[in-house]
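Every read-out reported here was derived from the displayed coordinates using simple, explicitly stated rules and does not represent laboratory data. Quantities reported herein were computed from a predicted structural model and do not represent experimental measurements. All Cβ positions, glycine included, derive from the backbone under ideal geometry; neighbour counts span all protein chains shown.
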Amino acid sequence: MIRLTPLDEDTLARLLEAAVTGADPLEVMPPVDDPPGWTPRRRAAFLAFHRARSLDPATAVERTWVIDVDGTAVGAARLEPHGDALEAGIWLSRAARGRGIGRQVTALLLAEARESGAASFVASTTAGNGGARALLGGLGAALTTEGDEVTAVLRLRP
Ligand SMILES: CC(C)(COP(=O)(O)OP(=O)(O)OC[C@H]1O[C@@H](n2cnc3c(N)ncnc32)[C@H](O)[C@@H]1OP(=O)(O)O)[C@@H](O)C(=O)NCCC(=O)NCCS
């Protein structure tokens, strides 16, 4: 069963574990100048990144959820307001990819966006990311490509 669990300090620890065991740092966080892999400095930066973006009310810019499958964290989902639009983002650990989880999480994020009254639902990825492009195309949204960036915008209300 797939559940979105709001991020807090406890779920953040589980999220770090999912990232370290199943994702490359660059798939799940901004670049950190350090030797490759999940070094202590990169792990600390992952925690600081989520605290700043979601958990600290003074700096928070988005809502983040841990994606739990049968109680195990397998990735993260986020919604970030930009004016009256909500921008969505998802990453999954390698073992969880290609099993329809991204599709279901996208539907949950879309439902949350509709419920919150957002005017549109926006997401973007890179041209080479076949999975993410298929997900965005399946939303029924128009896709626009600018350089390497593919953006989907779905209007939720007039
Ligand atoms: C991108 C991502 C969120 C997609 O989630 P997912 O659970 O793997 O995708 P799903 O299994 O739900 O598949 C969704 C669609 O993509 C297609 N798809 C999945 N992986 C694919 C791939 N590697 N190449 C092409 N299409 C792919 C599926 O066939 C499906 O299409 P359909 O519904 O039309 O049949 C996930 O693969 C991921 O986290 N990747 C690494 C991090 C990342 O790239 N995040 C997004 C950054 S924008």
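Mind pulling up the Rg/Rh value for the range 107-158? Radius of gyration and Kirkwood radius, both on Cα.
Details: Rg = 11.3 Å, Rh = 11.4 Å.
Ratio of gyration radius to Kirkwood radius: 0.99.
Using only Cα coordinates, the Kirkwood hydrodynamic radius of the range 2-155 works out to 16.0 Å. Of all the options 51, 103, 41, the one that moves most in a Gaussian network model of the chain with Cα springs shorter than 10 angstrom is 41. Note on the range 104-154 and the range 51-80: Cα centroid distance 18 Å, given to the nearest whole angstrom.
Across the chain, C-alpha contacts under 8 Å between residues 6 or more apart give a mean separation that, scaled by the residue count, equals a relative contact order of 19 percent.
Here the chain is assigned +1 on the Cβ of each Lys and Arg and -1 on the Cβ of each Asp and Glu. Its dipole about the Cα centre then comes out at about 380 debye.
Which residue fluctuates most in the GNM of the chain (Cα springs below 10 Å): 101, 90, 67? In the Gaussian network model the winner is 101. Treating the angle as unsigned and between 0 and 90°, give the value, to the nearest 10°, between the Cα long axis of helix 101-115 and the longest Cα principal axis of the chain. Relative to the chain, helix 101-115 is tipped by roughly 60 degrees. What's the angle, to the nearest 10 degrees (0 to 90), between helix 9-22's Cα axis and the longest principal axis of the chain? Its long axis makes an angle of about 90 degrees. Helix 40-50 axis versus longest C-alpha principal axis of the chain: approximately 40°, rounded to the nearest ten. How would you classify the range 64-158 from its alpha-carbon gyration tensor, with a ≥ b ≥ c the square roots of the eigenvalues: rounded for a/c under 1.5, else prolate if a/b is greater than b/c, otherwise oblate? Oblate.
Summing -39500 (n - 2.57) over the DSSP H runs of n ≥ 4 in the chain and dividing by its residue number, what mean residue ellipticity at 222 nm do you reach, to the nearest 500 deg cm²/dmol? Spell out each step's value before the answer.
Values: 5 runs with 52 residues, N = 158.
Computed mean residue ellipticity for the chain: -10000 deg cm²/dmol.
Per residue, the convex hull spanned by the Cα atoms of the range 37-109 amounts to 115 cubic angstrom.
Please give the contour-minus-distance gain from residue 21 to residue 115: 0.36 nm per residue of separation, less the Cα-Cα distance, rounded to one decimal in nm. Don't skip to the end; give the middle numbers.
Details: separation 94, 0.36 × 94 = 33.84 nm, distance 3.35 nm.
Extending this stretch completely gives an extra 30.5 nm.
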